[in-house]
Each structure stands twice: as C-alpha cells, then as structure tokens.
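Since the structure comes first, as structure tokens, the remarks are kept for the end.
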Amino acid sequence: MSRQSFSLLKSLGRIASGSKTQTRSVTYMPRPGDGKPRPVTLIPGDGVGPLVTNAVEQVMDAMHAPVYFEPFVVHGDMKSLPEGLLESIKKNKVCLKGGLKTPVGGGVSSLNVNLRKELDLFASLVNCFNLPGLASRHENVDIVVIRENTEGEYAGLEHEVVPGVVESLKVITKFCSERIAKYAFEYAYLNNRKKVTAVHKANIMKLADGLFLESCQEVAKKYPSIAYNEIIVDNCCMQLVARPEQFDVMVTPNLYGNLVANTAAGIAGGTGVMPGGNVGAEYAVFEQGASAGNVGKDTTQEQKNANPVALLLSSAMMLRHLQFPSFADRLETAVKRVIAEGKCRTEDLGGNSTTQEVVDAVIANLD
C-alpha cells in the first residue's frame, strides 16, 4: 500500500469516528449464562438510606445493569434481624445496604454487627482515594483499609458484672488474625499494591495485639514481593493526617480499623464519597465505606440532599464482584465525570444540589 493511500485511509477513519480513535477493550470472556440478571438483597436502612439506595436503583435501571433487587425493611432499633433477611442474602450471596442507625446505650445490640457475625463477613474493606476535581488537603491518597470484622472490642462482648461495673471483652484469635492478614495480602497481590501496613497497639496489649502482629508477620513471609511494615495505632493516626500518601494497604483489628478508615476518608475527600463493603467466604454486603454520619442528619433527609456518591461507587464494587466489569467501569466513569465537572455536588462537597440532581447528572454522563 502506498504512503498516500495509507494517509487517505487514516483521514477517512478520523472522519468516521468523529476525529477520535475508537477502541473497544476486551474486559473478560464470560461463561455461558454470565449475562443472566442476578438477584441482590436490598436494605434501604435508616435516615438517608432509602434516598441513596434509590439513587443506585435509578442508575442501575438507566444502565440496564443485569441485577434486580429484593428489598427488606430493616431499622437499626429493631431487636433482631427481620425474618427472611438472612435467607435472602444466603440465597443471593450479595446484599446492598444503606446505613442502619445503632442506638447509643440502652443495651440494644447493633444490627450491623449482628449481620456481619451471622454471615461471617470477616473482612471490611474501605477504599479512601482522591477524586479528581474534589479539593482535599492532601494529594496522591489511595489507601485501602482492611479491617477484621468479627472479634476484638468492636464485637460488643460486654456485660455488667455487678451494678456500676461493666466488663468489655477483647477477644483476639490466631485463626481470625491469620485470615484477615491473608485477605489483605491477597488483595494487595491481586490489585498490584506494593505495601501492607499492620496497625496495632502491641506495646500495651502485648498478648492480644501481639498475637495479631505475629499472625501478620507469618503471612507476610509468604508474599515476598509485597513490602510489609507495622505501626502503632496512635502514631498511625498522626501519620495519616501528616503524610497519608505513605500508606497503601492497611490491615487492622476491628476497632482500630473503624477509626482509621473514617480518618483516611476525611483526609481523602469525606465519608460521602468513599466506597466499601464487607465480605466473607460465601457472602458480601456492600455499603458506604466510612460510617461517620452514614444515616444523615434530619435536615439532610428533609431536604433530600444526601450524597449518593459513596453508595454508587460501592455498587460499582458490587458489579465487579458479580463479574460485570464493563457495567462497573461505566458507573465509576460517570460518577468521576460528575465530580470532576464540579457543577453538581451535594452540601457536604461544597455544593447545593439535591440527591436527585446528582443522580440525573450521573445518568447523563453514562457512556
């Protein structure tokens, strides 16, 4: 072919594609039946939960995503999980969840904790990262906090010994510590992460946190390509607010992980934009990653201006979990475009948009 003919073909190709080179990447080769719509258990939750879960439903419908929802009415002040909920999650394997309010005091156990225990959702994952166009104090933040979800102080094992004396138990086991450490290193390996940092307080709780550290150290030896280090939790908090870019994947016991994840989320852009989920060997529950204020204020609920971004990004994680990567990519791309444009933001991100206006903008930006 002559050089002149080749140039002509290139010119015609640019005209046909609107002066842009069109490429289509092959994401994965599906198995027969992979396109069948999947049922997902839905817990709208309390406060702004129904607002943001409805936002996800609208976007899924607009994308024609191959999922459909089975909703359950659940409120945080219920004494137990409603009948049929666990059976639905065990059947569907996947759940999308709005925030559940946990009563303070009064002896009412947390349904969030109960759900994790009943389904053995031993790993909580929160991804805290800078979103282009969203101002934050630090740049180059991309931290994944992986927290043990079933034991430790946060498990709620406490009782009143005698009136005025309460005993709260912190139980740490080698089995659970090794399991969460292995999950953190597997995550780092599969996602091309370079470093895992174990967060602890073994200088004071020498036996409990010491066992957690020993377990992490043993697992780290099996992943020589991934750097491993350790940090005491109070120093960790200081380092997070000073130089968060030094952290990559963080693995923590239960209570520390909740504090570290919310701190990292605040640094990266706010809890309203950070996705996350809880996963075990069989089941997964996806929800807003960082829990601070996740049920919203009364005024946010009344004005219908809750931020749906975190749950939208969590639902993208859910789509990847269900092996629908192209739908996950479309959703993430649309959300990031809306954030980058800066025209449509809720109050927590410095704007005055309603939840529905953000949803409409995301739908308009879908490829």
* Asked: Across the stretch 28-50, what is the number of residues that are assigned to a strand (DSSP E or B), over 11 Å from V67 (Cα atoms) and open to solvent by 10 Å² or more (accessible area, probe 1.4 Å)?
  -> 0
* Structure fact -> By residue number, the members of the stretch 180-209 that are open to solvent by 10 Å² or more (accessible area, probe 1.4 Å), outside any loop (DSSP other than H, G, I, E, B) and among the small types (G, A, S) are A208
* To do: Name the single residue, out of those in the stretch 212-249 being in contact with a helix residue (DSSP H, G or I) (Cβ under 6 Å, 6 or more places away or on another chain) and of a type in the set (A, V, I, L, M), that is nearest to I180 (Cα to Cα).
  => V219
* To do: Return yes or no: is G351 closer than 14 Å to G270 by Cβ and surrounded by fewer than 18 Cβ atoms within 10 Å (Cβ to Cβ)?
  => yes
* **R116 being closer than 20 Å to N262 by Cα, open to solvent by 50 Å² or more (accessible area, probe 1.4 Å) and among the basic types (K, R)** => no
* Return a yes/no flag: does the stretch 305-312 have any residue that is over 15 Å from the mean Cα position of the chain (by Cα) and at pLDDT below 90. => yes
* Only one of these is assigned to a loop (DSSP other than H, G, I, E, B), farther than 28 Å from T197 by Cβ and in contact with a helix residue (DSSP H, G or I) (Cβ under 7 Å, 6 or more places away or on another chain): L131, L100, L86. Name it. => L100
* Structure fact -> The number of residues in the stretch 26-83 that are in contact with a Leu (Cβ under 7 Å, 6 or more places away or on another chain) and on the phi > 0 side of the Ramachandran plot is 1
* Asked: Is there a residue in the stretch 97-111 that is at pLDDT 90 or above and open to solvent by less than 20 Å² (accessible area, probe 1.4 Å)?
  -> yes
* **Flag if V171 is part of a loop (DSSP other than H, G, I, E, B) and either hydrophobic (A, V, I, L, M, F, W, C) or surrounded by fewer than 17 Cβ atoms within 10 Å (Cβ to Cβ) (or both)** => yes
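The values are calculated or read from the model by the stated rules, or taken from the named source; none is laboratory data. No experiment lies behind these values; they were computed from the predicted model shown. Cβ coordinates were reconstructed from backbone atoms using ideal geometry, including for glycine residues, and neighbour counts include every protein chain displayed. Quick note on the areas: whole protein, heavy atoms, side chains included, nothing else; ligands and nucleic acids left out. Shrake-Rupley method; radii C 1.70, N 1.55, O 1.52, S 1.80 Å.
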